[in-house]
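The values are calculated or read from the model by the stated rules, or taken from the named source; none is laboratory data. This one's a predicted model, so the numbers in the text were calculated from it and none came from an experiment. FYI the Cβ positions are ideal-geometry reconstructions off the backbone, even for glycines, and counts take in every protein chain you see.
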Amino acid sequence: MNKATTVTWPYPSFAMEFQGFPRLHSIFYSVFHDKNGPIVVCQVPEGSITPLSPIPPTSLTSASTHHPLTPSSPTLPPTAGSQDTNKTLIDFKVISEYIIPKKELCGHLVTISTPSYKVMGFPILIVDIEKYRRNDYMFNLCFVFERDAETSSYEPVVRKMAKLLDGLENLIEQLLEDLNSYCECQIPINVSNTINIKLFPTYPNPPVVHDYQVPVYTVELQQLIDVNWDITMRKGELNVRVVNFSLCYTLSQIIGYINGVNHVKKIAEMADVATHWARKSMEHLVYYGCVIMVDIFQFSNIYAVKPDVMRIMEDGPLQNESLRFLFEILLYLDVRFAILHGTTLREWIDENGVDLIPMDIRRFISFGVIKGFLYRVHKYPILTDTAPESVRKRVPPLLLPFLDGQHHYDEICTKFGHSVREMDEVLGYRKEESKVTGTDATSVPAAGQGEGVVPRIRFIFR
């Protein structure tokens, strides 16, 4: 029975769900026979690759004589789970030239896709002029999966088995059963040698962490630090003569400043570590599910509601988790989330009296963003091509590359250390002239540009 392992990250914003290891349908051992060409010597289950038509003993004599890898009998004893002798998973003759390929492909991982299955092997070439009739010996231990299976977890297994294979054909069946049942195996070979194989899930690299993002704990990381950590992990015991900041040391420095409010750049400044190392440390924490990144919380932010908000009515566990935030606000405001879109958070609070509710509005907004039923509407400034030179001169030169509509206010303000109000003054933004409708981008002229004047700086909300 295949026991698939499912690993789910704590929060869906950066959710990476591991669906389990692919199921092995067959393992077979193929060699190059000096008269018959590529043949299947051993297959599990029986008849899964080639029909169980007995091969004349004389046809295997040369292979059996010249190398210990070839067993005395062509196949393992029949098992209870053997395949029908008239039905095979693949047509071995069609792909045999890739199972036992040209010498140039030997020593490399080779994957062959058939209409229904994927065959992965690592062909091995052993050269010995005196021992072998054809001066060399070629064999390949192949694993068979579903055609669309994600098999990256098995690649190191295939390589390891190919390099360790030395008279181990009789152990293939145990390998198949253990990997499918336990995702690992431990097969003793002799007193000194044991085959130890374990499948490990592979995850994509975490998203790139930016200076303007805010880390929020998903676990109590402080409780994981104990006296057994490496000495460089504890600031008080670090030798002051150490110049290079290790990643572990950087983590120990920044952990105390992660509070769901400070962005990455501010954390680096407060911890007195390089911003580059702070970002790398955050990426590691994101990878292992210790933190999740959200936007900077400010009362000038604009948020909108996603259709996923209706999940609260259907998802029991999410309802229980939402009670401390949503019970009061849903009753008191009569579900007025939609008013968020097009107004700043400060305006929404004032208009609906949210400040009268005993709740942490920052945690409420962060909860909505993390759970995926709120999203941030960012403001992107654009300096149009029609702007005259006099207008360009009023904008700080270092700011010009960021006015192309690809950089939002959080990034720009964090980069230059300005508040939103200060950046509005620099760019001439006036709220009364803006209008945000839905998720469509809306152009807004900068301050001081009346009717009939071509806009020079526009603001897009998305």
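Points worth noting:
- Applying the criterion of being in contact with a Ser or Thr (Cβ under 8 Å, 6 or more places away or on another chain) and part of a loop (DSSP other than H, G, I, E, B) to the residues of region 126-149, the residue that is modelled with the lowest pLDDT is R133.
- Residues of region 198-218 that are in a loop (DSSP other than H, G, I, E, B), at pLDDT 85 or above and β-branched (V, I, T): V208, V209, T218.
Rundown of residues vs (1) of a type in the set (K, R); (2) more than 16 Å from I302 (Cα to Cα), yes/no style:
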position	(1), (2)
G353	no, yes
I357	no, yes
D360	no, yes
F367	no, no
V377	no, no
R394	yes, yes
L403	no, yes
F416	no, yes
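- All conditions but one from (1) of a type in the set (D, E, K, R); (2) closer than 23 Å to T88 by Cβ; (3) in contact with a Pro (Cβ under 8 Å, 6 or more places away or on another chain) apply to E173; the one that does not is (3).
- Check on Y409, buried (at least 16 other Cβ atoms within 10 Å of the Cβ), closer than 23 Å to P307 by Cα and modelled with pLDDT of 80 or more: no
- Among residues that are assigned by TED's automatic domain parsing to the domain that holds V127, modelled with pLDDT of 90 or more, part of a strand (DSSP E or B) and not acidic (D, E), S48 is not included.
- Residue within region 377-390 that is in a helix (DSSP H, G or I), surrounded by fewer than 16 Cβ atoms within 10 Å (Cβ to Cβ) and at pLDDT below 80 present: yes
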